[in-house]
Every structure is written in C-alpha cells, then in structure tokens.
1. I want to check the label-to-label distance for B:ASP184 and B:SER50. Put each point 7 Å from Cα in the C-beta direction and report it in nm to one decimal.
2. From Cα pairs below 8 angstrom and at least 6 apart in sequence, can you work out the relative contact order of the range B:8-252, rounded to a whole percent?
3. Arranged from highest to lowest average of other beta-carbon atoms within 10 Å per residue, in what order do the peptides B:120-132, A:216-228 appear?
4. Using the reciprocal of the averaged 1/r over all distinct C-alpha pairs, how large is the Kirkwood radius of the protein assembly as shown in Å?
5. Quick check: Cα centre of the range A:147-213 to Cα centre of the range B:159-238, how many Å?
6. Take the eigenvalues of the Cα gyration tensor for the range B:8-252, scale each by 5, and report the square roots as semi-axes in whole Å, largest first.
7. Given 0.36 nm per residue, what is the gain on full extension from B:ALA233 to B:PHE252 after removing their alpha carbon distance, in nm?
8. Please list the non-local residues whose amide H lies under 5 Å from the amide H of B:GLU42, H modeled 1.01 Å from N, same-chain partners needing a gap of 5 or more.
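Just so it is clear, none of the values below were taken in a lab; they were calculated from the coordinates. Model, not experiment: these values are computed from the prediction. Here the Cβ positions follow ideal geometry from the backbone for every residue, glycine too, while neighbour counts run over all protein chains shown.
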Amino acid sequence: MKFSNSTKEVFNEAGEIAFFTGRFFKELFSPRFEGREFLKQCYIVGYKSLPLIGLTGFIMGLVLTIQVRPTLIEYGVQARIPAMMGLSFVREIGPVLSALIFAGKIGSSIGAELGSMRVTEQIDSMDVSGTNPFKFLVVTRVLAATCMLPVLTSLSDAIGIFGSYIAFNMRDSMTLRLFVSEVFHYLKFADVMPAYIKTYFFGFAVGIIGCYKGYYTRLGTAGVGRAANSAVVVSSVLIFLLDLMVVQITDLIGIG
Amino acid sequence: MAEDPAFHAKEGDNVIVVEGVKKSFAGNEVLKGFDFVLHKGETLVILGRSGSGKSVLIKCIIGLMKPDAGTINVLGNNILELSIGDMDKLRMRVGFLFQSNALYDSMTIRENLEFPMRRHLRHLTADEVNERVVAALTDVGLAKTIDLMPSELSGGMQKRVALARTLILQPEIILYDEPTTGLDPITGMEISDLIVEIQEKYQTSSIVISHDMKCVERTADRIDVLLNGICYAEGTYDELKASTDPYIKQYFD
C-alpha cells in the first residue's frame, strides 16, 4: 500500500506531536518546576482571556434563547427554555465555544510568541544560558492552558445562562432565582462531569499544539505567521475530534 | 562561574581546542575538518565569507549544534561527552553574544539580566542581584535603561545590553557572533572598543566571528581564516595584511 506525500506528512507530524507530548510529560515530572512563569502564564492565558470568552458566552446565550423561543412556543413548552439552555450550555456549547475562542486567542498567541522567539534566537539564548527552554516555555504554557480553560468554561457557562435569562425576560417574565433553579433542576452530575473533564483535554490540546507549532518554527518571519495560523487550525480540528470521542465514550458507557 | 572544583581540574593554557570538526547540512559539507586552539586571555577572530560556516562553528562549540565528526574541548571538557547537567555548568563559564542579540522581548532589561542569575546564582540576595545588574549595565554604559523594554532601545543599545547579559555570570570565555553586523560604522566601532575593554577588564578569552575588517583590526590578537570548511590561513592582523595570497588580500583591499 502506497501513501501520498501529503498523507505521509500528516502521519509524520502526528508522530512528532506525539513525541513532543511525551517530552512534555517527561519534563513536567523532572525538577525544577518554573512556578513563577507558570503563574504568569495562568494570568495571561486565563485572566486576559476572560473578557473575550465571557462576551461570546453572553451573546451566545442571548442569541440562542431568542432563536429557539418561537419553536418552543409552537409546542407550548417555552417554560423549558432555562432547562434547555442550561443543558446545552453546560454539556456542549460552553466547552466547545470556549475552547474554539481559546484556540483562536491563546493557541495563535503561543504559536506566534514561541515562533518569534525561535527565529530571533531567544530560545537558543535560553539554552546557552543553561536554562531548559522546553521546561520554561512549553511546560508552563501547556499547563496553564490545561488548568485555565476549565475555569474559563465554567465562567462562560454561567455568563451564557445569564445571557439566556436576559433574553427570556425580553418577552416573558421569570425571576433570576427561578431561572437558575430551573437550570439546576434538570442538570445532572452525569451532564456536568464529562463536559468539565473534556475541557482539560481541550486546554491541553490548544497548549500543546500552539507550543509545538511555535517551538519548531522555521523559515523566518513567514514561518511565525504560519505557526500561529496552523496552531489555530490544528487545535480547532483536534477540539472537534476530542469532542466526538468524548460523546462516543460517554454514550457507550451510558452516562450523559 | 561554576563552583564545583572538579570542574576546573583539567584546564590548561588552551581554553578551547577544536580538532577535525566536520558538519554537513543536507549533503552540503560546511565544515570539512576545522582545527584551532584558543589560548587563555587572547581574542581569536574567525574570518570568513557569509555562509562559510563561522556561526555553525561557534554554535558547535556552545553545544547548540552537534558536529558530525571531530572533537571540541572547552575548558578541559570534551563537550560531546558531557551530560546535559555538566553542559549547563560549562555554559555558565562560556558567554555567547548572538548576532540578533536574542534579548527576551517580553521582559524588561532588568529581567533579561536577572534571568541567568535566577537560575544559576540562587544563593544571591535581591540586593546582590540588583548590584550585579547595575554593574553589568554600567560596564556597557546603559545603567539608565534598566526598566525599559528591549524594543525601546536602538540596535546598538540592544547589542550593549546583550553584552551586559553575557557578562552577568562572569564567564571565562565569550563567543561573539558577528557583533557589529547591522550596525553603523560608529556604533560598530564602539562595540569593538567595548569587546577590547571587557577583555582587558575581566581577562576573558574570546572568539569573535566577523567579516567586518575594522572590528577585526580592533579586536584580534590572532586571526583564523575559514575557507571551504577548513582553516585556510592563520596569523596576526599585520601578518595577514602583508600576505600575497589573492584570497586573503581581498579582505584588506
């Protein structure tokens, strides 16, 4: 069986990413941990992404509620809007939407930052100063992305549900307390946990792909743009693939 | 400087000995068995055309690239046999000034200079670290830039800050990769003067990669000419200037 060159390239890159991931885990568990840089990255990756992810969550909650309302009215079940929005936000929209925004903002910025550090010899400079650049740059960023996306997703879910409450009250009337209690009444542990766990994988995917693309940037400044771009594309595709896998697994084992 | 006494054990007058170094890229042999010796306290200039493999050579010396063949002995250590930990210790004793300066552009000048100290000199107090940063910047005449970002400095100032960062761990050897490239002739001369001042003040041994003849004249105790991957000629500036070899003459005409 013969493979085309592009197929070989895809397999080759998948192998390199697997090797890169293996190195991440090796470096993660070897001393010394760059705690200060990790906290700095958590601030950049987490706190600075909150306005964007919060805003998109809010708008999504608002728009979806406005759009589904007429259909639900047709069936006389508009009172189920809080339950429906809560379930769809927590299980799917919140995690995937936040992860995609996160890939666009953080994946590209990591890819571009490390890429420009590579082409301007800053990574080599760390090496010659006796600092492990992989540990300092890659481990801290991947870990920060992995830890911060679940937090951002939880906040995005809450803001999105609040957006839905605002949209609901444009035409109908329901107190915030009742709206929230309706959301939680229909949410089960099996809805929350798989959705929450998958955000760790999404965050890890965004971090590792951004770092991989940036760390191995070639061909000067043109390569930096390419690294940022492909970091977003590859991590977005990976988010959907991981989502598909999680849905299949939870369906097979009968949760969710 | 490395504090492990065993680490100093095998040194002699020759601080760097390079023998038969070969390096190829995709079948193109850049270095074809290059040999040279750097003596303690001297400044050796490696002169050669662009793309002749000068930068590859010093990147092999600092361990950023691995030669295909040959041996590289730095301060009594065969770097090809060193573990990662020992290589890091050795790198504390060897400074490297990059052609592109390679300042960390997300950090201030102070943080750039503190960066190697935070890893290697953790026993220093905050005051001692600050003292060293200020002293290194004063050495290069840029103490006032301490809280600026690298992007706020001119090319010449960035080169000086990069030199200050190279000096911060008080290395015994400094490798300069085309230190005056991209600078105007006056700033280039200032950097050349600074290289000489640093050599005199700290008694460092240096390798300067260059094809800027003003820099070469100002800094070189000895010159090795790299041509076709081998050491084509060796001598002082005046000896090479007097050479009748047509290739050597081109540099001085």
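1. Modelled inter-label distance: 2.1 nm.
2. Answer for the range B:8-252 is 27 percent.
3. Packing order, densest peptide first, comes out as A:216-228, B:120-132.
4. Values: mean 1/r = 0.0382 Å⁻¹.
Computed over the protein assembly as shown, the radius equals 26.2 Å.
5. Comparing the Cα centres of the range A:147-213 and the range B:159-238, I get a distance of 59 Å.
6. Equivalent-ellipsoid dimensions as semi-axes: 29, 22, 16 Å.
7. Full extension from B:ALA233 to B:PHE252 adds 5.4 nm.
8. Close amide H contacts, sequence-distant or interchain: B:SER206.
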